Amino acid sequence: VGFLVAFVFLVVLIGLQLARQNATQPTSGPAPDFELMTYSNDSIRLSDLHGKVVVLNFWASWCIPCRDEAPILQSLWEKYREQDVVLVGVAYLDFEHASLDFIEEFGITYPNGLDLETRISELYNITGVPETFVIDKTGNIVFFLPAPIQPGQLEKIILPLLSISSRSGAIAVLG
């Protein structure tokens, strides 16, 4: 039975990846709005975070590169959470218990939740994990990285966004 569940999960994962292969991520312009129920039973709506810089990270407990970036993201949260920066983790194609184990293992304290029925992932056309978006205070995507975050990388994006009230036209896509 366990093998069958794992096999079906793998087939679904491959199917979703193939279906999204030709889709492109929204790497500029208004960030698609969503609501996420966190593991701590809080509801986060992106539009309610207007006026803050949002780091939106898609991850999964089974993702090896996500393990590498987890401490970097937690450190970023600890450093900037009092400065109008909100980090939101979205668990992609994961099991709740596995996600919670991952969060506990890495001491993650920023808001995280499971993307039920991949609704949020579909809005952002996620093709794999990790993928990270930075959304400015006006709700526009200003940075997209379809790869693991490296130390100091997000700070170069976030710091200028904190020093100005609005920003347009400066889009960074790496990968």
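Take I44 and tell me if it is surrounded by fewer than 16 Cβ atoms within 10 Å (Cβ to Cβ) and modelled with pLDDT of 95 or more.
Working: surrounded by fewer than 16 Cβ atoms within 10 Å (Cβ to Cβ): no; modelled with pLDDT of 95 or more: yes.
Considered against the rule, which asks whether it is surrounded by fewer than 16 Cβ atoms within 10 Å (Cβ to Cβ) and modelled with pLDDT of 95 or more, I44 comes out as no.
Please go through segment 65-104 and pick out each residue that is of a type in the set (K, R) and more than 19 Å from D115 (Cα to Cα).
The initial filter retains those residues of segment 65-104 that are of a type in the set (K, R), namely 67, 79, 81.
Correct list: K79, R81.
With the requirement that a residue be open to solvent by 20 Å² or more (accessible area, probe 1.4 Å) and among the hydroxyl-bearing types (S, T, Y), what does segment 72-81 give you? Break it down stepwise before answering.
Going through segment 72-81, the residues open to solvent by 20 Å² or more (accessible area, probe 1.4 Å) turn out to be 72, 75, 77-79, 81.
S75, the sole residue that qualifies.
Here is a check on your reading of the model: is V142 β-branched (V, I, T) and over 24 Å from Y39 (Cα atoms)?
yes
State the number of residues belonging to segment 129-156 that are within 20 Å of R67 (Cβ to Cβ) and among the aliphatic types (A, V, I, L, M).
The number of residues fulfilling the criteria is 5.
The values are calculated or read from the model by the stated rules, or taken from the named source; none is laboratory data. All of these numbers come straight from a predicted model, not from anything done at the bench. Cβ atoms come from the backbone with ideal geometry, glycine included; neighbour counts cover every protein chain shown. When the accessible area is computed, the model is the full protein with side chains, heavy atoms only, and any ligands, DNA or RNA have been set aside. Shrake-Rupley method; radii C 1.70, N 1.55, O 1.52, S 1.80 Å.
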